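Beneath this line is the structure, given in structure tokens, with notes to follow.
The values are calculated or read from the model by the stated rules, or taken from the named source; none is laboratory data. On a predicted model such as this, the values are computed, not experimentally measured, just so you know. Accessible surface areas use protein heavy atoms only, side chains included; no ligands, DNA or RNA. Shrake-Rupley method; radii C 1.70, N 1.55, O 1.52, S 1.80 Å.
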Amino acid sequence: MKKLFLVMLLLLQIATIFGQNQNQDPSSKKIIGTWYVDANRNTKWIFSQDGKVYNYDKDIFKVMYRYTISHNCGNSSDDTIEFITLMGKDGNEFCFRINSINENKNGILSLTKMDNMESLKFVNSLNSARI
């Protein structure tokens, strides 16, 4: 009977751990959609599922980049931090550290541009309160 209890307890723990991991969407999924620069809501970045991000200003298309999300970017590498790299047609790369993406469904995308450590904050709704 004790063995049966221990097996049942083990199965319950595995199911609980597996269920918690399923609720955690990867950053590559959470970033998909339209994000507005918090300081200037006329500027928006639209991340698509096919690895492209489109930049608009006042609804006028400005530029498209390919993006990747990984644990390294340029000279930076860390297994605990995610980075997003934007790659232009001209070969230029722009590296950002991902601070948070819609954490606790707060509607905020927070990035740090790695070359100058500038903080960038985006919201996923024009109606969101300024940060």
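Over region 47-131, accessible surface divided per residue gives 64 Å², non-protein components excluded, 1.4 Å probe.
Roughly how many percent of the accessible protein surface of region 48-97 is carbon and sulfur, given a 1.4 Å probe and a whole-percent answer?
Values: 1470 of 3330 Å².
Answer for region 48-97 is 44 percent, counting heavy atoms of protein chains only.
Sort region 52-131 into rounded, prolate or oblate with this rule: let a ≥ b ≥ c be the square roots of the eigenvalues of the Cα gyration tensor; rounded if a/c is under 1.5, and if a/c is not under 1.5, prolate when a/b is larger than b/c, oblate otherwise. List each step's numbers first, then the result.
Details: a/c = 2.08, a/b = 1.14, b/c = 1.82.
Oblate is the answer for region 52-131, as a/c is 1.5 or above yet b/c matches or exceeds a/b.
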